[in-house]
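Working notes, structure below.
Nothing in this text is a laboratory measurement; each read-out follows from the coordinates by a stated rule. These numbers were taken from a predicted model, which means no experiment stands behind them. Note that we place each Cβ from the backbone using ideal geometry, even for glycine, and neighbour counts take in every protein chain shown.
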Amino acid sequence: MDTRYPRSLTDAIVYFSDYEHCRRFMVEMRWPDGIIRCPTCNSEKVTYLANQRRWKCYSKHLRPQFTLKIGTIFEDSPIGLEKWLPAMWLLANCKIGISSYELADALEVTQKTAWFMLQRLRLAMQDDTPDKMSGEIEADETFIGGLARFMHKAKKAKITGTDGMGKVAVMGLLERHAGDEMSRVRATVLRNVRRASLHANIRENVESGSEMFTDALLSYAGLDPEYAHNVIDHAEKYAEGRVHVNGIENFWSLLKRRLKGTYIAIEPYHLFRYIDERVYRFNNRKVSSALRFIGVAKSVTGRRLTYKDLIDQGPHSPQPLPA
Ligand SMILES: [Zn+2]
């Protein structure tokens, strides 16, 4: 890692207040081999136009000029990198989360802008590694929310994918690792916790032949013989040797404590983004703040989230509440 990079939030604010630093940093994140390529045609024949903070591609196509933001989560954002990068630092490294109100105050932007920035940053934190988990895997499901109680009837009716009380079903998988290697989590919002949903999620994310650990919920029955299935019946005890789901339950308790403290009113539709954020920090809990920040910065490319995408999710989508 480049030693010039910031090591604290204060560092990040000072360092990125200089556009040249933002540029050098983002170039290294996007083009680690140092060769800047046109995001449209991938050509290396490009020139930097310093005055305009743009590159020009010499191939013949539409939009031959590009900025650092094109093709990333920052595309079309009027907010400068000198605000985006400290915001990224904050979200990558906060312990209990940050609300759009806090971020709005810190960056001197509107709450709506801050909310949108946080959602885009959460997209960069989304785990899209295609590999399946293997070895020893704990599986557990939970319900999050319960906001419907506080909502207007008409709004409540619009919410889908819940248990009818506004709670959202979430499935968690934890791949155990001992010692210095970190156990890692994957969490997915599901329509329900019926057998078909849980089994499909496990098959999608876990190599067959792995060892599964679950509680006695009947929905998990039948994982044998594809998986070696170990069951702990919580009516009797919480652990028997290796047979427990304490790792994933620890993750749930961290997640819930945090959602309760910070995000007053998360619409069920947006819940998965907050979960992605929490999973990212959990899976990177043993690395330095600087590396957690760089991990997000390296994932901004090739991901887009427009405001329309966020609020226009079809007839069942509620409008976002501030959170
Ligand atoms: Zn080009």
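In a DSSP loop and with at most 13 other Cβ atoms within 10 Å, the chymotrypsin sites (Phe, Trp or Tyr not before Pro) in segment 1-110 are Tyr58. Put a plus charge on the Cβ of each Lys and Arg, a minus charge on the Cβ of each Asp and Glu, and nothing anywhere else: the dipole of the chain about its Cα centre is then about 1400 debye.
Of the beta bridges in the chain, as assigned by DSSP with both residues counted there, near 75 percent are antiparallel. Given a cut-off of 32 Å, name the pairs among Lys69/Lys167; Lys56/Lys83; Lys256/Lys286 whose C-alpha atoms lie farther apart than that in the structure shown. As for pairs spanning more than 32 Å Cα to Cα, those are Lys69/Lys167. Under the combined filter of DSSP loop state and at most 16 neighbouring Cβ atoms within 10 Å, segment 172-259 retains these GluC sites (Glu not before Pro): Glu181, Glu207, Glu226, Glu236. Electrostatic tally near Thr113: other residues with Cβ closer than 14 Å to its Cβ, Lys and Arg +1, Asp and Glu -1, net -1. Beyond 35 Å, the tail of the calculated P(r) for the chain holds 30 percent of the Cα pairs.
Taking the charge dipole of segment 186-239 about its Cα centre, with +1 at Lys and Arg Cβ atoms and -1 at Asp and Glu Cβ atoms, the residue from Ile202, Ala187, Leu223 reaching farthest to the positive side is Ala187. Rounded to the nearest 10 degrees, the inclination of helix 271-283 to the longest alpha-carbon principal axis of the chain is 90 degrees. Shown here for segment 48-115: trypsin sites (Lys or Arg not before Pro) in loop regions (DSSP other than H, G, I, E, B) with at most 10 other Cβ atoms within 10 Å, namely Lys60, Lys95. What whole number of Å gives the distance from the Cα centroid of segment 1-79 to the Cα centroid of segment 188-223? With segment 188-223 and segment 1-79 each reduced to a Cα centre, they are spaced 42 Å.
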